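Asks: Take this structure first; my questions come after.
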Amino acid sequence: MLRIDIPSSWQWVRLKDISYNIKYGYTASAQPTGSVKLLRITDIQNSNVNWTQVPYCSIEEKDVEKYLLKNKDILIARTGGTVGKSYIVTNIKEKSVFASYLIKITLHRKISIDFINFYLNSPLYWKQLNNNSRGTGQPNVNATKLSNLILPLPPYEEQIRIVDKVNSLIKKFEVEIQNV
């Protein structure tokens, strides 16, 4: 894979190796009312979603489960100027599905969502994504290319320790910036 040394307890894995599934979203038009929300790329701003502003869509009940969003799902924009932009789903209060220009990744249980979020914001992720994006006017990445991206994965307990350390350093940095 890559010729970067990692600790012996870590392993190089592909995104598909740590995911239950990687799939495309639902194609529908946004509607002002309904019973199922339709989360679109444009609803994700600065790693947040204002769920009260997310429109609804018309979807048959038999299709809802196939596209249903759950907290801790990962969504990745697959086309345009936002290709590669990721969002960890949180605060779902209503039944919601995701739009077709997004790809949903559901991780295995023994993978830290926060650790993967750091990866999705890392130079390694962006370099691989840019190398696998196609299109000149409208760059895009497909589920197959995305599923084959590689990352160094430590054991679960170490993922948690790394996340805690990075978060404490970020918090310390934020406090120091406020004191400047």
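The values are calculated or read from the model by the stated rules, or taken from the named source; none is laboratory data. What you see is a predicted model, and the numbers here were worked out from it, not measured in a lab. As a convention, Cβ positions derive from the backbone with ideal geometry for all residues, glycine included, and neighbour counts pool all protein chains shown. Quick note on the areas: whole protein, heavy atoms, side chains included, nothing else; ligands and nucleic acids left out. Shrake-Rupley method; radii C 1.70, N 1.55, O 1.52, S 1.80 Å.
Asks: If I filter the range 142-180 down to residues being β-branched (Val, Ile, Thr) and more than 18 Å from ASN117 (Cβ to Cβ), which single residue comes out as modelled with the lowest pLDDT?
Replies: So the residue we want is VAL180.
Asks: Tell me whether the range 172-180 contains one or more residues that are of a type in the set (Val, Ile, Thr), without any contact (Cβ under 8 Å) to a residue 12 or more places away in the chain, open to solvent by less than 90 Å² (accessible area, probe 1.4 Å) and part of a helix (DSSP H, G or I).
Replies: yes
Asks: Show the residue pairs that are 6+ apart or on different chains and have beta-carbon atoms under 8 Å apart, the first residue being within the range 58-78 and of a type in the set (S, T, N, Q), the second being assigned to a loop (DSSP other than H, G, I, E, B) and surrounded by fewer than 15 Cβ atoms within 10 Å (Cβ to Cβ).
Replies: SER58/SER29; ASN71/THR90; ASN71/ASN91
Asks: Every residue in the range 119-142 that is surrounded by fewer than 16 Cβ atoms within 10 Å (Cβ to Cβ) and among the small types (Gly, Ala, Ser), please.
Replies: Within the range 119-142, SER122, GLY135, GLY137 qualify.
Asks: Moving on to the next point. Considering each residue of the range 143-169, count those that are without any contact (Cβ under 8 Å) to a residue 60 or more places away in the chain and open to solvent by less than 80 Å² (accessible area, probe 1.4 Å), and give that number.
Replies: 9
Asks: Among the listed residues LYS70, LYS23, which satisfies the condition of being under 13 Å from LEU102 (Cβ atoms) and among the charged types (D, E, K, R)?
Replies: On inspection, the qualifying residue turns out to be LYS23.
Asks: Give, as residue ranges, the strands (runs of 3 or more DSSP E) completely inside the range 11-110 that count at least 2 residues that are open to solvent by 50 Å² or more (accessible area, probe 1.4 Å), at pLDDT below 95 and closer than 22 Å to LYS145 by Cα.
Replies: It comes to 19-24.
Asks: So is ILE116 modelled with pLDDT of 95 or more, under 23 Å from LEU38 (Cβ atoms) and surrounded by 17 or more Cβ atoms within 10 Å (Cβ to Cβ) or not?
Replies: No: the conditions fail for ILE116.
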